[in-house]
């Protein structure tokens, strides 16, 4: 890419705002603020042990998960970046039990932000890719006149106005949608800018690759077990083709691969926690990634139903997730309608 051809994130967003009003001004500013926060998180991640960010705090978050130092640091970065800008009415995070209201000394905006500050934090200490996932919802019209509540956040995923993730790996990338396709940006550290490197990302079809934690196979529901067993059977099995398996333990890394190479990602329900619908969080993991996947031509389901149609009942609600290339996800869905054996 020549210097003349470089399009920064700011320029891209301004052009989208100008061309047909695809992007409201306040949403553009919000995305820029989130992107700057992700850039700061990237710098923190890259310092690693030199910055004292590795290891755990010995505390647990609302999910009952041990908090890594970087979980808390990244959550604070996103809070501090977003609460004063006037773009948000409130925000919510995986690391906080309740929503975070905008302090009275700052103006309230038109949007709600939901995020997972560090996805895949178990990978931090072993130097594998981690990321940040975020979702933007429209606040109720009367939000500026009253106190925002958790109920205001409980909107189905199809009502998201923007979603994205940053991945902190060999390169730092930002993937973004606001309902007009999916776009990828790469952080140029020399100048400190996000540069547009992928336009109108579409998931390739036909790649026989699945991402799932095989160590949980014995706990899955029969439709998922049968689907994966048929994939593993390869050319001699009912699918008639060999599959590869990939799994990183970081959703953003696996989704980056799906967007780039195709295939399917699964994090299904299992019987160790039978009362939970799944492991991943609907509001700040499944919904934003589901929006990105659909905008890239793919499908995102909980097994039978579209994830973006689920009506949330709680901020930290969990859900089973199967998403990726539309043709392969449709094959997986058919297993849920097969007779039990």
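The values are calculated or read from the model by the stated rules, or taken from the named source; none is laboratory data. The shown structure was predicted, so the numbers you read here are calculated from the model rather than taken from an experiment. In this analysis, Cβ positions are derived from the backbone assuming ideal geometry, glycine residues included, and neighbour counts consider all displayed protein chains.
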*Inspect region 280-298 for any residue being in contact with a helix residue (DSSP H, G or I) (Cβ under 7 Å, 6 or more places away or on another chain) and modelled with pLDDT under 95 and give the result as yes or no.*
no
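May I ask you to verify whether residue 300 is buried (at least 16 other Cβ atoms within 10 Å of the Cβ) and either outside the structural domain of residue 125 (by TED's automatic domain parsing) or touching a residue at least 60 places away in the same chain (Cβ under 8 Å) (or both)?
Numbers: buried (at least 16 other Cβ atoms within 10 Å of the Cβ): yes; either outside the structural domain of residue 125 (by TED's automatic domain parsing) or touching a residue at least 60 places away in the same chain (Cβ under 8 Å) (or both): yes.
When the stated conditions are applied, residue 300 passes them.
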*Please state which of the following conditions residue 206 fails to meet, knowing it meets all the rest: (1) modelled with pLDDT under 95; (2) farther than 30 Å from residue 276 by Cα; (3) under 23 Å from the mean Cα position of the chain (by Cα).*
(3)
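Here are 166, 98: which of them is surrounded by 24 or more Cβ atoms within 10 Å (Cβ to Cβ) and within 19 Å of residue 72 (Cα to Cα)?
Numbers: 98 fails: surrounded by 24 or more Cβ atoms within 10 Å (Cβ to Cβ).
Exactly one of 166, 98 is surrounded by 24 or more Cβ atoms within 10 Å (Cβ to Cβ) and within 19 Å of residue 72 (Cα to Cα), namely 166.
A quick yes/no check of all residues on (1) over 14 Å from the mean Cα position of the chain (by Cα); (2) closer than 21 Å to residue 249 by Cα; (3) free of Cβ contacts under 8 Å to residues at least 40 places away in the same chain; (4) surrounded by 18 or more Cβ atoms within 10 Å (Cβ to Cβ):
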{"position": "274", "(1), (2), (3), (4)": "yes, no, yes, no"}
{"position": "287", "(1), (2), (3), (4)": "no, yes, no, yes"}
{"position": "294", "(1), (2), (3), (4)": "no, no, yes, yes"}
{"position": "304", "(1), (2), (3), (4)": "yes, no, yes, no"}
{"position": "314", "(1), (2), (3), (4)": "yes, no, no, no"}
{"position": "323", "(1), (2), (3), (4)": "no, yes, no, yes"}
{"position": "331", "(1), (2), (3), (4)": "yes, no, no, no"}
{"position": "339", "(1), (2), (3), (4)": "yes, no, yes, no"}
*Restricting the search to region 105-128, which residues are over 20 Å from residue 287 (Cα atoms), in a helix (DSSP H, G or I) and touching a residue at least 40 places away in the same chain (Cβ under 8 Å)?*
122, 123, 124, 125
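Please verify whether residue 37 is closer than 26 Å to residue 143 by Cα, part of a helix (DSSP H, G or I), at pLDDT 85 or above and under 20 Å from the mean Cα position of the chain (by Cα), treating the condition exactly as stated.
Judged against the criteria, residue 37 is a match.
Name every residue in region 230-259 that is under 24 Å from residue 130 (Cα atoms) and loosely packed, with under 15 Cβ neighbours inside 10 Å, in order of residue number.
Pass one, region 230-259, residues under 24 Å from residue 130 (Cα atoms): 244-259.
Within region 230-259, 244, 245 meet the criteria.
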*For the subset of region 129-183 comprising residues that are without any contact (Cβ under 8 Å) to a residue 40 or more places away in the chain and touching a strand residue (DSSP E or B) at 6+ places or on another chain (Cβ under 7 Å), which member is nearest to residue 39 (Cα to Cα)?*
171
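Out of 254, 270, 275, I need the residue that is in the same structural domain as residue 320 (by TED's automatic domain parsing), out of contact with any helix residue (DSSP H, G or I) (no Cβ under 9 Å at 6 or more places or on another chain) and modelled with pLDDT under 95. Which one? Step through it out loud before you land on a result.
On the way: 254 fails: modelled with pLDDT under 95; 270 fails: out of contact with any helix residue (DSSP H, G or I) (no Cβ under 9 Å at 6 or more places or on another chain).
From the options 254, 270, 275, the qualifying one is 275.
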*Got a number for residues in region 88-104 being part of a strand (DSSP E or B), over 19 Å from residue 35 (Cα atoms) and touching a residue at least 40 places away in the same chain (Cβ under 8 Å)?*
1
_region 47-87, residues that are at pLDDT 85 or above, in contact with a helix residue (DSSP H, G or I) (Cβ under 6 Å, 6 or more places away or on another chain) and not in a helix (DSSP H, G or I)_ = 85, 87
*How many residues does region 262-284 contain that are over 22 Å from residue 223 (Cβ atoms) and in a helix (DSSP H, G or I)?*
2
